[in-house]
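The values are calculated or read from the model by the stated rules, or taken from the named source; none is laboratory data. Small disclaimer: the values here were computed from a predicted structure and weren't measured. FYI the Cβ positions are ideal-geometry reconstructions off the backbone, even for glycines, and counts take in every protein chain you see.
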Amino acid sequence: MAESKSAPITPELYDYVLAHNPPLSPEQRSLVELTHRKFPDSAGMQSAEEQGPLLAFLVRLIGARRVVEVGTFTGYSALSMAQALPDDGTLIACDISEEWTAYGREAWARAGVADRIDLRIAPALETLRAMPAEPHLDLAYIDADKDGYIAYWEELVPRMRPGGLIVVDNVLFHGEVADPAATGSARAIRAFNDHVAADRRMEAVLLTVADGLTLARKR
């Protein structure tokens, strides 16, 4: 059995990591805190705090202009990526909740990036299937219902430009994916991870960041 070199993430170490990452913008910080205050039972659906700077870094790294997000919740990850886009960049945000995304809309407006975010309130598969079929997307971020991950992947991969990046959250699902007898969402993520590993169209790595993060590059 392979031995992990990952350091145990204590609260003190986590604070240290955050302190050595780029600071959140005032709008990011406010939205993170508001989400935990307004939705204490659902705040775990928000991308981890350190993932905001990471997503922004990836947008800048590949020079992304056309971004899609599947699963927006209260808008932290969309805000993080939109702030990193150039002025003519566009992020299509897919979600089904007017209630949750209303908080995102307010934060995007305060941050001055509302014109870069095209929020589509509809089932994500409908939104993805309505997009042009040819490769045109630079980056996609999936953080939504786990049973839908494979379907989202299959709609996105053909639409990614060569060198485009798909980022997928929760691919370790609280550590439950290592159990062959996993059920529910953990079982769906196990199937998704196997699907990605076998997909020759993409070059993918699975990382132990937050609840597990896959980065996949279009060949």
Quiz item: Just wondering, is there one or more residues in region 136-154 that are at pLDDT 95 or above, assigned to a helix (DSSP H, G or I), surrounded by fewer than 14 Cβ atoms within 10 Å (Cβ to Cβ) and more than 17 Å from the chain's Cα centre (by Cα)?
Solution: no
Practice problem: Output yes when any residue across region 165-175 is farther than 25 Å from residue 14 by Cβ, in contact (Cβ under 8 Å) with a residue 12 or more places away in the chain and outside any helix (DSSP H, G or I), and no when none is. | Solution: yes
Quiz item: Across region 72-98, which residue is nearest to residue 120 (Cα to Cα) among those that are part of a loop (DSSP other than H, G, I, E, B) and in contact with a Gly (Cβ under 9 Å, 6 or more places away or on another chain)?
Solution: 72
Quiz item: If you go through region 111-130 one residue at a time, how many are under 20 Å from residue 164 (Cα atoms) and either more than 19 Å from the chain's Cα centre (by Cα) or part of a helix (DSSP H, G or I) (or both)?
Solution: 7
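Does residue 196 fit the bill of being of a type outside the set (S, T, N, Q) and over 20 Å from residue 6 (Cβ atoms)?
yes
Go through region 29-71 and count every residue that is in a loop (DSSP other than H, G, I, E, B) and charged (D, E, K, R).
Kept after step one, since they are in a loop (DSSP other than H, G, I, E, B), are these residues of region 29-71: 39-42, 46-50, 62-65, 71.
Now narrow it down to the ones that are charged (D, E, K, R): 41, 49-50, 65.
Matching residues across region 29-71 total 4.
Please go through region 1-14 and pick out each residue that is loosely packed, with under 10 Cβ neighbours inside 10 Å and either within 19 Å of the chain's Cα centre (by Cα) or assigned to a helix (DSSP H, G or I) (or both).
Step one: list which residues in region 1-14 are loosely packed, with under 10 Cβ neighbours inside 10 Å, which gives 1-8, 10-12.
Once the filter is applied, which keeps residues that are loosely packed, with under 10 Cβ neighbours inside 10 Å and either within 19 Å of the chain's Cα centre (by Cα) or assigned to a helix (DSSP H, G or I) (or both), region 1-14 yields 11, 12.
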